[in-house]
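Before any comments, here is the structure.
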Amino acid sequence: MLRVDVSKQLGEFSVEASFASEGRVTGLFGASGAGKSSLINMIAGLLQPDRGVISIDGETLDNTAEHIHIPVHRRRIGYVFQDARLFPHLDVRHNLDYGRRMNRLADDPAARKRVIDLLDIGNLLDRRPGRLSGGERHRVALGRALLSQPRLLLLDEPLSSLDEERKEEILPYLMRLRDEAGIPMVYVSHDAAELRQLATEIVMLRRGRVTAFGGAEVLPPAVSPA
C-alpha cells in the first residue's frame with residue numbers, strides 16, 4: 001500500500017494531499033499546474049514535505065513529526081520522466097545496466113532477459129539513443145527503471161511528448177508492465193483516456209488538492225466522436 005498524507009508550500013502554490021492506494025497502477029490526474037509533479041516528487045524524495053507522512057507497505061519514507069526523510073537513493077523507487085533521460089554516449093545495453101550498477105546490485109542475466117523480452121527491446125541493444133524513436137527511448141527508460149529492482153515505479157507523464165502513433169505503440173507495453181511485472185506504479189497524466197486504459201485507482205487533483213479518489217468513474221466522461 002502507498003500512503004500519502006502531506007502538505008507543501010511552493011511559493012504561492014501549495015499541495016495538501018491525502019490518500020492510500022493498493023492499486024497496481026495509481027493514476028494522478030489533473031490539469032497542468034494541479035500539483036501532480038510536486039506530489040510525485042515528494043514520493044520520490046526529490047521534494048521534502050513541510051508536514052506529513054509517506055509510506056510504502058508500512059515502511060516510512062517521510063514523517064515530519066519524527067524527523068524522518070529517507071534519501072532518494074535509499075527509497076528503491078524507479079522514476080521514468082517525460083523525456084526518458086537516457087545517456088546519449090551509451091548504447092541501450094549500457095543504459096539499461098546503469099540503474100543496476102548505481103544501486104550496486106548483482107548482475108542477474110535472467111531478470112535482464114525478462115525485462116528485455118517484456119519491452120521487446122532486444123533488437124535495440126547496440127544502438128545509441130540518437131538512433132531510437134521516441135517510443136523506443138521510453139521503452140528503454142522503463143527497462144532501466146525496472147532493472148534497478150524498484151518496489152514502486154513512478155511515471156511522470158511518460159507519453160506527453162509523443163505523437164498519437166507513438167502513444168499507441170507504447171501503451172500496450174505499459175499495460176504489460178501493469179499485468180506482468182508485479183511492481184506497483186504511480187502514473188501521472190492529464191489524459192483521461194490513458195488512465196482509463198492503465199490505472200486501477202485514480203487520485204483527482206485540482207489546485208494542489210485531492211478532489212476525488214476511486215476507479216475510472218471519477219474521471220471526466222469520455223467525449224463521443226461526432
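Tabulated data for the structure shown
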quantity: Length-normalised contact order of the chain in % [C-alpha pairs under 8 Å, at least 6 apart]; calculated: 30
quantity: The chain - Rg and Dmax from Cα coordinates, angstrom; calculated: 17.5, 55
quantity: Kirkwood hydrodynamic radius over Cα pairs of region 110-226, then Stokes diffusion coefficient at 20 °C and 1.002 mPa s, in µm²/s; calculated: 137
quantity: Principal-axis tilt of helix 134-146 within the chain, Cα atoms, nearest 10 degrees; calculated: 80
quantity: Candidate lysines for bridging to LYS167, where Cα separation is under 28 Å - those fewer than 8 sequence places away on the same chain excluded; calculated: LYS36, LYS113
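Each reported figure results from applying straightforward, stated rules to the coordinates on display, with no laboratory input. Keep in mind the model is a prediction, meaning the values are calculated, not measured.
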